[in-house]
Amino acid sequence: MIFTRRSVRGYSEKEVEEEKLEKILKAAMQAPSAGNEQPWHFIVIRDRERLKELANIHPYGKMLSSASVAIAVCADLNLTKYHHPMWVQDCSAATQNILIAARMLGIGSVWLGVYPREERMKPLAKFLEVPEDVVVFSLVSLGYPSSSDAFYEAPDRDKPERIHKEKW
Ligand SMILES: Cc1cc2nc3c(=O)[nH]c(=O)nc-3n(C[C@H](O)[C@H](O)[C@H](O)COP(=O)(O)O)c2cc1C
């Protein structure tokens with residue numbers, strides 16, 4: 001699944017089923033987190049008009065307008081007192097789990113970066129009506145791929161020179 005996960009930005013009209021979405025969210029919540037604080041919340045956006053609005057808010061999120069669903073991964077800073085600021089890694093792990101779980105279910109996805117770009121975080125926080133102590137960390141756009149070869153084999157990213165033994 002890891003080797004055939006690709007960012008998928010073109011979607012068919014088939015909606016992502018509720019039970020599959022539930023599995024994806026459960027996978028997100030199985031991510032590792034510092035001190036097991038699990039500081040995440042997830043906002044599920046399904047409404048077509050709202051998806052179109054989201055596509056206009058995120059500067060590289062045009063694919064959201066044809067997505068079946070979007071998930072905003074958020075961090076509740078009240079839930080992460082002792083291990084702050086490792087909520088960034090926690091939310092990254094949760095976001096990655098969403099991508100892998102979606103791949104497993106044949107659903108295309110793409111990670112849209114939000115944090116730490118203030119100009120993306122602010123309008124998204126307003127649009128999603130998140131409380132003050134909640135940070136919008138990422139958006140994931142999800143939908144069945146429009147093309148059958150969306151999940152092509154891994155491009156060659158092997159870089160043996162990036163692996164160091166014992167010391168740099
Ligand atoms: C932190 C982060 C932010 C990203 N932001 C965007 C984005 O705003 N728009 C987009 O289309 N893809 C975005 N991507 C997806 C990358 O472009 C993609 O993962 C990369 O090109 C490698 O391709 P692959 O996912 O198919 O392996 C983002 C990925 C990460 C990890």
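The values are calculated or read from the model by the stated rules, or taken from the named source; none is laboratory data. Because the structure is a prediction, the values reported are computed rather than measured. Heads up, the Cβs are rebuilt from the backbone with ideal geometry, glycines too, and the neighbour counts pull from every protein chain shown.
Residues are listed down the side, and each one gets a yes or a no for (1) part of a loop (DSSP other than H, G, I, E, B); (2) under 17 Å from Glu53 (Cα atoms); (3) in contact (Cβ under 8 Å) with a residue 40 or more places away in the chain; (4) within 14 Å of the ligand (Cβ to nearest atom):
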{"residue": "Leu99", "(1), (2), (3), (4)": "no, no, yes, yes"}
{"residue": "Trp111", "(1), (2), (3), (4)": "no, no, yes, yes"}
{"residue": "Ala125", "(1), (2), (3), (4)": "no, yes, no, no"}
{"residue": "Val136", "(1), (2), (3), (4)": "no, yes, yes, yes"}
{"residue": "Ser147", "(1), (2), (3), (4)": "yes, no, yes, yes"}
{"residue": "Arg157", "(1), (2), (3), (4)": "yes, no, no, yes"}
{"residue": "Lys167", "(1), (2), (3), (4)": "yes, no, no, no"}
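For residues in the range 27-40 being part of a helix (DSSP H, G or I) and in contact (Cβ under 8 Å) with a residue 40 or more places away in the chain, which is surrounded by the fewest Cβ atoms within 10 Å (Cβ to Cβ)?
Applying the filter and picking the extreme gives Gly35.
Does Val8 count as surrounded by 14 or more Cβ atoms within 10 Å (Cβ to Cβ), at pLDDT 95 or above and either over 21 Å from Ala93 (Cα atoms) or small (Gly, Ala, Ser) (or both)?
no
Tell me, which residue of the range 1-26 that is part of a helix (DSSP H, G or I) and closer than 25 Å to Met86 by Cβ is nearest to the ligand (Cβ to nearest atom)?
Among those residues, the one meeting the criterion is Ile24.
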